[in-house]
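The values are calculated or read from the model by the stated rules, or taken from the named source; none is laboratory data. What you are looking at is a predicted structure, and each value in this text was computed from that prediction instead of being measured. Positions of Cβ are generated from backbone atoms using ideal geometry, with glycine treated the same way; all protein chains shown enter the neighbour counts. With ligands, DNA and RNA removed, areas are computed over all heavy atoms of the protein, side chains included. Shrake-Rupley method; radii C 1.70, N 1.55, O 1.52, S 1.80 Å.
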Amino acid sequence: MQDQADIELLHRLREGDENAFTTIYKRYWKLLFTVAANKLDSLAEAEELVQDIFSDLWDRRNTLELTGQLSSYLAVATKYRVINLQAKKKRARAYSSYARGTMSPEDHSTEQWLSFEDLKDQLSGLVAALPERCRITYQLSREMGLSHKEIAQQMNISEKAVEHNLARAVKTLKTGLKHFSALLFSIFP
């Protein structure tokens, strides 16, 4: 009886039981990924979206109150995140189209280069400010190109911890770089 098992898992999750979280993750990750991948253009976007859902589940474990089934909650969370991502992409395309139509054809390469350097400096500062494990995990993944398994072995942690650290780092970086989104659109029309 999966519903009863899910109720027990949620109870254990609220108590901070990482094994309960891992069980939930293993039970539902593939299903959520399949749903997201069928709706999105990119498997990487689908994977990141699902990772964000599970990261959010872990972060909200103490306050999460479900009135229905866990599977329904996760399905609805996936649906709304897909909808939000698609709307965000649509707005970005509209802005990009608008910017191309209104910007002068003059050469802005120096300005773009300086803006890009500012963005790189901002990103470096945000990475440096991450908690140590998140920062190291992020650098090993994004800057050195190591797989989750290689990072787990090198840091002597579980692959689940690697995924959690990466999701946390990416979420922090996204939040820190939000004000640069308009800048990004002007650099890369």
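Taking Cα centroids, how far is region 1-31 from region 47-61 in Å? Region 1-31 and region 47-61 have Cα centres spaced 13 Å from each other. Per-atom-type breakdown for region 4-63 gives carbon and sulfur 48% of the accessible area (1.4 Å probe, protein chains only). All Cα-Cα distances of region 1-95, cut into 10 Å bins from zero to the largest, leave 16, 47, 27, 9, 2 percent in each bin in turn.
Here the label points at ASP59 and TYR80, each 7 Å from Cα along the C-beta direction, are separated by 1.5 nm in the simple model. Among 151-159, 46-54, sorting by the average number of other beta carbon atoms lying within 10 angstrom of each residue, highest first, gives 46-54, 151-159.
Of the listed residues TYR80, TYR73, TYR25, the order by accessible area with a 1.4 Å probe, largest first, is TYR80, TYR73, TYR25.
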